[in-house]
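The values are calculated or read from the model by the stated rules, or taken from the named source; none is laboratory data. Keep in mind it's a predicted model, so treat the numbers as computed, not measured. Glycine also receives a Cβ, built like all others from the backbone with ideal geometry; neighbour counts cover every protein chain displayed.
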Amino acid sequence: MVIKSSSFQYDLFGKSFEDVAISIIQQYEPPGGYYLAFSGGKDSVVIYDLAQRAGVKFTSYFSMTTVGSKVGETCSCRWRWKRMW
């Protein structure tokens, strides 16, 4: 396993972390698809992007969380991402 943080070149057994995550998402796809709780935060945005790139079936549901962020900021981020996707 090679990790070079200065150049952002990550390698996990010959694959990038993103490729490994996408493979796992595809491998464990439930028959009815994933239930994606989306808050608009950075973690939700990353999972949403990985699910799209994996080509799996999923339904995203907006879930308002206030842990670590302000409600207005979360709503603002959510609407920006909704327009992009």
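Miscellaneous remarks
- In region 49-69, the residues that are surrounded by fewer than 13 Cβ atoms within 10 Å (Cβ to Cβ) reach residues that are of a type in the set (A, V, I, L, M) and at pLDDT below 70 with C-beta atoms within less than 9 angstrom, at least six apart or across chains, in these pairs: 64/71.
- Test: residue 56 is under 14 Å from the mean Cα position of the chain (by Cα), modelled with pLDDT of 90 or more and in a loop (DSSP other than H, G, I, E, B): yes
- Of the numbered criteria (1) in contact with an Asp or Glu (Cβ under 7 Å, 6 or more places away or on another chain); (2) at pLDDT 90 or above, the one residue 2 fails is (2).
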